[in-house]
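Each reported figure results from applying straightforward, stated rules to the coordinates on display, with no laboratory input. Here the structure is a predicted model, which is why all the values come from computation and not from measurement. For neighbour counting, all protein chains shown are included, and Cβ atoms are generated from backbone atoms with ideal geometry for every residue, glycine included.
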Amino acid sequence: DAKTTQPNSMESNEEEPVHLPCNHSTISGTDYIHWYRQLPSQGPEYVIHGLTSNVNNRMASLAIAEDRKSSTLILHRATLRDAAVYYCIRGQGGSEKLVFGKGTKLTVNP
Amino acid sequence: DGGITQSPKYLFRKEGQNVTLSCEQNLNHDAMYWYRQDPGQGLRLIYYSQIVNDFQKGDIAEGYSVSREKKESFPLTVTSAQKNPTAFYLCASGHNYSPLHFGNGTRLTVT
């Protein structure tokens, strides 16, 4: 049970913003929201995580709904290198087992 | 450079043979994990270890075994009891609330 819901796939054009949604309606008060992405034939890599407030880093922004039942990963300007499967996960973090669902496959068109 | 090393990248075995996949980390992380990924699917947890000399079964542990004798190492053995061993295997490590670090995986093919 991945405990989050994401669309199977999304498509974007290069240099346009991308908003990847995630539903986690049963999230507990202490669970963080983590995003990882996986390029073909590679291991997942960390993108961003947050608890309540919106978060920004060099890769992306994370917008968390006020009720924490959903969140959105924002890639401000998609590049071809952003084409990957994006996983939204809820959990504590590094020493807790994280459950990965099927994620959202993002296709970026040139 | 700190990181996780999985070897080999590709592994081929005959049915009925046990095979051991290597995972080494130099990040000084306490926790280590093994995941299995089938084509078009997400990651499923096989085993995890939060401290040396201790490990727990994940969601699909049947047919697999692990050991955690050193903090840096968490080898996974795919035994002949695993009915569908062909898959992409990913090792990860983590510490407290920091993000997981993944290796680049071992693609195992059993014929």
Worksheet item: Would the stretch A:44-65 turn up any residue that is in contact with a Ser or Thr (Cβ under 9 Å, 6 or more places away or on another chain) and of a type in the set (S, T, N, Q)?
Response: yes
Practice prompt. Being within 14 Å of chain B (Cβ to nearest Cβ) and free of Cβ contacts under 8 Å to residues at least 60 places away in the same chain is the filter; apply it to the stretch A:59-86 and report the residue that is surrounded by the fewest Cβ atoms within 10 Å (Cβ to Cβ).
Written response: A:MET59
Fill in: Hits in the stretch B:43-74 (condition: surrounded by fewer than 20 Cβ atoms within 10 Å (Cβ to Cβ), in contact with a Lys or Arg (Cβ under 9 Å, 6 or more places away or on another chain) and not in a strand (DSSP E or B))
B:VAL52, B:ASN53, B:GLY58, B:ASP59, B:ILE60, B:GLU62, B:GLY63
Worksheet item: Within the stretch A:19-57, which residues are among the β-branched types (Val, Ile, Thr) and outside any loop (DSSP other than H, G, I, E, B)?
Response: A:ILE33, A:VAL47, A:ILE48, A:VAL55
Discussion item. Restricting to the stretch A:8-58, give me the number of residues that are within 11 Å of the chain's Cα centre (by Cα), within 14 Å of chain B (Cβ to nearest Cβ) and over 22 Å from B:HIS95 (Cβ atoms).
Written reply: 1
Practice prompt. For the stretch B:50-97, name all the residues that are free of Cβ contacts under 8 Å to residues at least 12 places away in the same chain and charged (D, E, K, R).
Written response: B:LYS57
